[in-house]
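Here is the structure we will look at, set down as structure tokens.
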Amino acid sequence: MKHLPYTVKEQEDGDPDNNIEERFKELRVQLIENAEFAEGISRVLKREILEEYRAVLKNRSNRRIKYFASLVAEAGRELGLEELELYGKELFEKTEAFNLKHINSLLDEFSGLYAAIQTNPFMTREEKK
């Protein structure tokens, strides 16, 4: 029986649901405890990335997800946040491989960071829109 390529990759990566809370845990803590960090990450992520994330949740097209993933990876490089950059790269790769289970899991992971940014006291009401 022939298997799809992502089936093998999924077994190598393990269950994507195991690390949903872990990936951005440290980032969320920094958002709460470090005002300067919170302002910096909010400023970079608030514009196009958060808008694109909301659009991805409404319309999960591969093109839109890959664009969002590239924005996140670029922001991670800009901010020097390896976990954010790796997240963007991983989401892009899983989208290219059309690995729906991992794509959905990765998008769910971002929701925790998104919520932390949206509730960040250092963002003005205008920035949260």
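Placing a pseudo-label 7 Å from each Cα along the Cα-to-Cβ vector at Lys25 and Lys58 gives an inter-label distance of 3.4 nm. Remark: the Gln118-Asn104 segment gains 3.0 nm on full extension, using 0.36 nm per residue and subtracting the alpha carbon distance.
Phi angles across region 53-66 convert, under the Karplus curve 6.51 cos²θ - 1.76 cosθ + 1.60 with θ = phi - 60°, into 3J(HN,Hα) values of 4, 4, 5, 4, 5, 7, 9, 7, 7, 4, 4, 5, 5, 5 Hz, Gly and Pro given as x.
A short reminder: the numbers here are calculations on the coordinates, not readings from a lab. In this text the structure is predicted, and so the values were computed from the model without any measurement. Don't worry about glycine lacking a Cβ; one is built from the backbone with ideal geometry, like all the others, and counts go over all protein chains shown.
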